[in-house]
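The values are calculated or read from the model by the stated rules, or taken from the named source; none is laboratory data. Just so it is clear, the model here is predicted, and its values are computed rather than measured. Every residue, glycine as well, gets a Cβ built from its backbone with ideal geometry; the counts of neighbours run over all protein chains shown. Side chains are part of the model used for accessible areas, which takes the heavy atoms of the whole protein and leaves out ligands, DNA and RNA. Shrake-Rupley method; radii C 1.70, N 1.55, O 1.52, S 1.80 Å.
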Amino acid sequence: MKRMPAVAWKETLHLLRDPRSLVAALGLPVVLLLLYGYAVDFDLKQLRFVVVDQDRTASSRQLVELVRAVPQLVYSGHAETADEVERLFAERRASMGMILVPGFERALKERRPAPVQVLIDGADGSTAQIAQGYASGAVLAAGQRLIEREARAMGVPLRQLQSGFEVRPRVLYNPNLESRVFLVPGLVGLILVMLSASLTSGVVVRERERGSFELLAASPVSSAELIVGKLLPYLVLATSDVVLAVGMGWLVFGVVPQGNLLLLFALSLVFVLSALALGLFFSCVARTQQTAIQLSIMATVVPTMTLSGFAFPVRNMPLVLQVLAQLLPATHFMVISRAIILKGVGLAEIWPNVLAMTVLSLLLMRAAVRKFRKTL
Amino acid sequence: MSAAVSIAGLRKRFGSHLAVDAVDLEVRRGEIYGLLGPDGAGKTTLLRMLAGILTPDGGAALVAGRDVVADPEGVKQRIGYLSQRFSLYGDLTINENLEFVASLYQTPRAEALRLREELLEMCGLAPFARRQAGRLSGGMKQKLALCCALIHRPEVLLLDEPTTGVDPVSRRDFHRILARLPDQGVTILLSSPYMDEASRCHRLALLAHGRVLASGTTAELAGGVSGVMLEVLTPAARAASQALASLPGHLSNTPFGDSLHVRLSDGGDAVARLTAHLQAAGVALREVRTIEPALEDAFVALLQAEQPA
């Protein structure tokens, strides 16, 4: 490993001399997070809702009034049926519907859970989950005030009427959304895998293309020194991306990390190793930088977006895909990242995922190292 | 004293193509040895095997006392290798390239610094030490590559067409630098497609189709040409060349600038025979005279003997 620092330093110089990759590495997380951040913010201010009031009672009208008073929800009329709501979704004239079925008031008076159905336009998956949580919250809050009024009118203590209200949210078109804000932890994973794999995809094939690989091959430097030296700068860069992404999530999304950040960073490094290994692997296999970068993006971004649970919960997938998802380091990192950032849990709760991710990372690294040849 | 490079029966095959076919060669210490041959003769393959970056299919080679098959890493530490393609980093400066290569070879830092100054001075690159290699001219790039190949004080220097694509002035410069190295104990084995470059080597091997056709000094090689060499000055070189095919004893003819080099088998007055034949064919002649065969004539003769048309 004596020659490793020289290789790492040389690779760092390449990075510094080619501002494009640096800009990509540090700019992309910022851009992605800002895009998501602003998209969500923008949509919530414009959450237009329609009401289907089939109960037509004083209580149902009161609830509608209370929901209309929520500043972020924009009332855009009444509809007769759920089908009509769906049509309004399709025409993009509303993205939320509140349905009060007959018997709402009676249930309330009889202190049974009073059903309120909330429909969310899930076509825009990235914002629907936010909208869903938001709408449910708004309706629940309005319902709470309604119950308070009822209690006062009926002259009974509030306690007796508690939990007499039930919101049943349903997401149309895209029913698999979870109601929790899980975008930021997921984005951290997506950004890491995308950047690490695409950046390292060049490290070997670039030398081959430029002809400098012959210099390395003819020198006494060992394969191990080359691999470690080449990956080290990217590992450092990826670490700064984790810090950047978590920090931005905090500032832009207000997603305050609940758990141990050092643990998150350490596990991110293990995760990054798997992405670096993939990049290195394709760099060894491909003949041109173009092919290498395309292969590594295909192999990382696509499965991470679709299979890892970044957007769609793994548990709702067909069994075959669930098994496949378990083979992706990203799937485990999504769980880990969400657990640490959102739930604030420690190793004790997530160790199976940590173990699986570590094993997968090591296996990938082994495959890449085996593909690496210090010959022409 | 043992040879710097000794090769016995070295072979390399790519698919059905025999790139290097049972090559035997010996390069003495402190010698500048040239591998001369056209593209595809197997020069690059041979040098890569000697550099330890390509495994031979058969035969043996010792470079700087190390076996290229058994101990390629030992060979690598003791040689400097300059590939045909520019293989340094265009986005790194001259100094950075040299530092990187020096640390690949674990040259002690103080010595690397001293050597760097010395080499840059020798090659006239010192004023450009902080310039990125990609912004150097072709000749300067080759000098930088040479410096990189020398930064760990190798015993043997393997240069693969070091001056191909370099302008004539830079090429002369480059050879002036090379000429000083044997005194410092460096043995040089270089390949070239250029005949004129051969004259700068102490000894040569003529390579074609993966085989060594002949080896020796320029004089030895040229002297080994059988028959008589004639130079024919004529305004109608093409017609002369065609007419010569029917001359008894005609072995070969090759255009050389505006003249024709003709090789005839020994016997009789060659000049008279040839003049009579061409005049009978109606070819205008300016002058016909016998000449000493040059290296190129030797090459043509050898190639012809190699595969009789």
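Some observations on this one:
- Computed from backbone phi with θ = phi - 60° and the Karplus coefficients 6.51, -1.76 and 1.60, the 3J(HN,Hα) list for segment B:186-200 is 9, 9, 10, 10, 10, 10, 7, x, 9, 5, 5, 6, 4, 5, 8 Hz; x is used for glycine and proline.
- Stretched out straight at 0.36 nm per residue, the stretch from B:D71 to B:F256 would grow longer than its current Cα-Cα span by 62.0 nm.
- Spatial offset of segment B:281-308 relative to segment A:231-310 amounts to 68 Å, using the alpha carbon center of each.
- Nearest-0.05 FRET efficiency for B:F14 and B:A276, computed from C-beta distance (R0 56 Å): 0.65
- Angle in degrees between helix B:138-150 and the longest Cα principal axis of chain B, rounded to the nearest 10: 60 degrees
- Across peptide B:81-90, the mean count of Cβ atoms from other chains lying within 10 Å of each residue's own Cβ comes to 5.
- Per-residue mean of foreign Cβ neighbours for A:358-370 is 0 (Cβ atoms of other chains, 10 Å radius).
- Neighbour net charge for B:T93 - beta-carbon separation under 14 angstrom, K R +1, D E -1: +4
- Packing-based order for A:320-327, B:191-198, using average beta carbon neighbours within 10 Å, highest first: B:191-198, A:320-327
- Expected-Rg normalisation [2.2 N^0.38 Å, Cα atoms] applied to segment A:179-371: 1.05
- For a straight C-alpha distance cut-off of 12 angstrom, the aspartates and glutamates reachable from B:K143 (same-chain residues fewer than eight places away being disregarded) are B:E121, B:D173.
- Taking a point 7 Å out from the Cα of B:R153 in the direction of its Cβ, the residues of segment B:180-212 whose backbone N falls within less than 16 Å of it are B:181-187.
- For the pair B and A, total buried accessible area rounded to nearest 100 Å², probe 1.4 Å: 2300 Å²
- Rounded tilt (10° steps) of A:19-45 against the dominant C-alpha axis of chain A: 0 degrees
- Subset of A:K10/B:K76; B:K43/B:K76; B:K12/B:K141 violating a 23 Å alpha-carbon distance limit: B:K12/B:K141
- For chain A, built as a Gaussian network whose Cα springs stay under 10 Å, the top-fluctuating residue of A:T304, A:T81, A:T12: A:T81
- Per residue value of the accessible surface for the protein assembly as shown (all protein chains in place, 1.4 Å probe), Å²: 44 Å²
- Trypsin sites (Lys or Arg not before Pro) restricted to DSSP loop in segment B:219-309 with at most 15 other C-beta within 10 Å: B:R286
- Distance between the modelled labels on B:E306 and A:Q72, one decimal in nanometres: 8.1 nm (7 Å Cα→Cβ projection).
- Inter-label distance, A:A141 to B:A236: 10.7 nm, where each label sits 7 Å from its Cα along the C-beta direction.
- Per-residue average of Cβ from other chains inside 10 Å of A:203-210: 1
- In chain A, the DSSP beta bridges split such that about 20 percent are antiparallel, to the nearest 5.
- Segment B:72-137 shape via C-alpha gyration tensor axes, a/c threshold 1.5: oblate
- Highest-first arrangement of B:211-223, A:209-221, where packing means the average Cβ count within 10 Å: A:209-221, B:211-223
- Its DSSP H runs of at least 4 residues, each contributing -39,500 (n - 2.57), put the calculated 222 nm mean residue ellipticity of chain B at -10000 deg cm²/dmol, to the nearest 500.
- Shape category assigned to chain B from the gyration tensor of Cα positions, a/c cut at 1.5: prolate
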